[in-house]
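The values are calculated or read from the model by the stated rules, or taken from the named source; none is laboratory data. Being a predicted model, the structure only gives us computed values, none of them experimental. Glycine also receives a Cβ, built like all others from the backbone with ideal geometry; neighbour counts cover every protein chain displayed. In case anyone asks, the SASA skips ligands and DNA or RNA and just uses the protein heavy atoms, side chains included. Shrake-Rupley method; radii C 1.70, N 1.55, O 1.52, S 1.80 Å.
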Amino acid sequence: MYSVLIPVDRDEARASNQASYVSQLPDATETVEATVLYVVPPDEFADAAEVAFDDIDAAVQAADQLEAAGVSVTRTVDDGGVAQQIVRTATELDSDEIVVGGRKRSGVSKVLLGSTAQDVLLSAERPVTITGESVVLGDGIRRVLVPVDTSEERARNQAKYLASLPNTPDSVEATVLFVFPHQDYKGAPSHNFEEVDAAVTAAEHLEAEGISVERVAVGGEVGRKILDAATDRDADSIVMGGRKRSGIANVLLGSTTQDIMLAAERPVTLTG
């Protein structure tokens, strides 16, 4: 079974989007076990024993929505530092993925990562998906954009995550994309996918798992080209690699990764 942790706050719209994403994972009714978690934050001056799951409308919304879609759900309340408890629970459950909600700043059409979401992204040693303000996944085959940089380790982790989704290879089609930074001027060098070891590593790993792969190399501004490729292909989601600072166990978000998470109008997964 594919174990997913869904930590919710009190925002029902975000919780609904998180549940929508999970319920539309491939073959979710047969392969997904979801845990909806509400962590009582320290500023509520209460502990888990004093807060009933059914009193948290957003948590109930997510759990009921998942169960209505036929997904197995565990409902739980805990307390403590919110991000720390989310990561701790994911470790205890050995979750395959954490699905968190994004935030939107009033009047601005970009998702603003809340401090809890960012702390989870930085701390969790497993894939974390930011669903954002809306989730519209197509029926049938899931189209996933996999932008890679020059790190073979990150590219391999991105491919491993995609291959680990339920019911692959039948449910997923991947586009592995490498952007040659700023090489979109007249006379720019040719954009040869096969020259980029990380891109080839990701594509070959996915193909070895039986997943259909489109190999694409372009030149230009990296973040913009990734977003354009996702739009052009009507991608259901984007799978990004994280960064690790030498000697430190936390993922360091690169500027491109952060830009995509803030700007993409579709779920974004950070694999680390």
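So Val60 ticks every box in (1) of a type outside the set (Asp, Glu); (2) out of contact with any helix residue (DSSP H, G or I) (no Cβ under 8 Å at 6 or more places or on another chain); (3) over 28 Å from Leu162 (Cα atoms) but one. Which box is left unticked?
(2)
Please find, within region 112-126, the residue that is farthest from Lys160 (Cα to Cα) out of those that are open to solvent by less than 20 Å² (accessible area, probe 1.4 Å) and modelled with pLDDT of 80 or more.
Top of the filtered list is Ala117.
Considering region 157-172 alone, what residues qualify as being out of contact with any Asp or Glu (no Cβ under 8 Å at 6 or more places or on another chain), more than 10 Å from Thr271 (Cα to Cα) and not in a strand (DSSP E or B)?
Within region 157-172, Leu165, Asp170 meet the criteria.
What residue, among those in region 150-172 that are more than 21 Å from Val99 (Cβ to Cβ) and out of contact with any Gly (no Cβ under 7 Å at 6 or more places or on another chain), is least open to solvent (accessible area, probe 1.4 Å)?
Selected residue: Glu152.
Here are some residues: Ala34, Ala63, Ala59. Which one is in a strand (DSSP E or B), at pLDDT 90 or above and among the small types (Gly, Ala, Ser)?
Among Ala34, Ala63, Ala59, only Ala34 is in a strand (DSSP E or B), at pLDDT 90 or above and among the small types (Gly, Ala, Ser).
Does region 70-84 hold any residues that are farther than 14 Å from Glu33 by Cα and either surrounded by fewer than 20 Cβ atoms within 10 Å (Cβ to Cβ) or modelled with pLDDT of 95 or more (or both), and which are they?
Val77, Asp78, Asp79, Gly80, Gly81, Gln84
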